[in-house]
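Bear in mind these aren't lab numbers, they're just calculated from the coordinates by the rules spelled out. Computed from a prediction, not measured in an experiment: that's the story for all the values here. FYI the Cβ positions are ideal-geometry reconstructions off the backbone, even for glycines, and counts take in every protein chain you see.
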Amino acid sequence: MAVLRSAALVLLAIAASAAPARADRIKDLTTIYGVRENHVVGFGLVVGLAGTGDDTRSPAVKTALTKMLKNLGSTIDPADLKAKNVAAVIVTGELPAFGKPGMGFDITVSSLGNSSSLAGGTLLATPLRGADGTVTWAIAQGELSVGGFVASGATGSSTTKNHTTAGTVSNGAIIEKAAPTVMPDKQIVLMLKTPDFTTASRMQEAINGALGAGSAITRDASAIIVAVPADARGNVPALIAKLDAIEVDPDLLAVVIVDEKTGTIVVGEAVTLRPAAITFGALTVEVSETPVVSQPEGIGGRGKTKVVPRTELKVKEENNTFKVMGKAATVADVAAALAALGAKPRDLVSILRALKASGALRADIKAL
């Protein structure tokens, strides 16, 4: 497959750009305990669709339309609405930490019924609630943005691009009630996004170096506890901002990511390779069919003239000699060593797995 040929380029590109690791900010490596987004969800209606909505006889649409029209003071019977211009949808979003009334956030709108497309639709005012369904945190409304289309002809033929039964509304939800965020007071707990004892230990040392000895302790691989000094308790946000700016060199796992569907192979910075001898070959199977006419025997023979296929099978296997790969200490060396073998991406996947099984590849292989 042509797309698989890109894998070797990925390896070489990584090797060419490999550079000494630079420190990352604590802000990028952690989150603060109690400070997080909150899932909100709601049921609503999208109107203005060009005949691509739900069947108005659907109980979900009929009930929602009846309630909406009643709230608007309209006396129109939903049963009289025959056009498929309305769709029942589920609206989801993330209520941001420290969100205050009047602030907005993005929402995703997904079809709930048999609508074929939400393109061109407008979401009517939809209350968004939390998992318990008791508090309305925000109200969502707005014109949908759908990254695709559906086109159909009079004969019934149609074409579709991307996914048209889900869309987004940028800043489409307005917060009605302040987000339930817990602001630290006596201590700040930094939660590592990727738990690791080495990274946690380095982070503790960096914080103690910036704020003074004993300012931070490591609770476990995922949590660093920073005590809030008495003189900073009136201005904790400033202390958090100072912590965010501290740089730490995180420890990285030795990982090779393999996506055989797209032919992508990504070798992590910490991957190393011990000396190994490798041989690989390409097995080619060629199948061809040639139609042959079969005649009955003799002039008066029984049977009928038939055309039957004749199948030929050719198998070719290339014999390659062993190639010795030396110890590779960096990602650039790994990429160069594999590229020197002249292996194609599909071969590289098999080689990497075999090297891992033999113990020569010091890394975990994760398939996407």
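Here's the picture: a label point sits 7 Å out from the Cα of Asp244 along the beta-carbon direction, and within segment 22-36 the residues with their amide nitrogen under 17 Å of it are 24-36.
May I ask you to compute the full-extension gain from His163 to Ala357, defined as 0.36 nm times their residue separation minus their alpha-carbon distance, rounded to one decimal in nm?
Numbers: separation 194, 0.36 × 194 = 69.84 nm, distance 4.05 nm.
Working it through step by step, the gained length comes to 65.8 nm.
Annotation: amide H of Thr136 has no partner in the under-5 Å range at sequence separation 5 or more or interchain, hydrogens built in the peptide plane. Placing R0 at 45 angstrom, the Cβ-Cβ distance between Ser145 and Asp77 gives a FRET efficiency of 0.90 after rounding to 0.05. Put a dot 7 Å past the Cα of Lys261, heading toward its Cβ, do the same for Thr66, and the two dots end up 4.3 nm apart. Here the Karplus curve 6.51 cos²θ - 1.76 cosθ + 1.60, taken at θ = phi - 60°, turns the phi angles of segment 31-42 into couplings of 10, 9, 4, x, 10, 7, 7, 10, 6, 10, 8, x Hz, with x standing for Gly and Pro. Computed as a quarter of the hull surface, the mean projected area of the alpha carbon convex hull for segment 183-248 stands at 4.1 nm².
Please work out the FRET efficiency for the pair Arg274 and Lys193, using the Cβ-Cβ distance as r and a Förster radius of 25 Å; give the result to the nearest 0.05. Could the numbers behind the result be given before it?
Details: r = 31 Å, r/R0 = 1.23.
My answer for the efficiency is 0.20.
Rounded to the nearest whole Hz, the Karplus-based 3J(HN,Hα) values (6.51 cos²θ - 1.76 cosθ + 1.60, θ = phi - 60°) of segment 107-122 follow the sequence 10, 10, 10, 10, 5, 9, x, 9, 4, 8, 6, 9, 4, x, x, 10, with x at glycine and proline.
With a 10 Å Cβ neighbour count serving as the proxy for reagent exposure, in which order, fewest first, do Leu123, Leu112 appear? If you can, show how the numbers build up before the last one.
Details: Leu123 26, Leu112 20.
Ordered from fewest to most neighbouring Cβ atoms within 10 Å, Leu123, Leu112 come out as Leu112, Leu123.
Fully extending the segment from His39 to Ala254, taken as 0.36 nm per residue of separation minus the present Cα-Cα distance, adds 74.1 nm. Computed from backbone phi with θ = phi - 60° and the Karplus coefficients 6.51, -1.76 and 1.60, the 3J(HN,Hα) list for segment 68-77 is 5, 5, 5, 5, 7, x, 8, 9, 5, 7 Hz; x is used for glycine and proline.
Say R0 is 25 Å: what FRET efficiency, to the nearest 0.05, do Lys186 and Asn208 get from their beta-carbon distance? Approximately 0.85, to the nearest 0.05.
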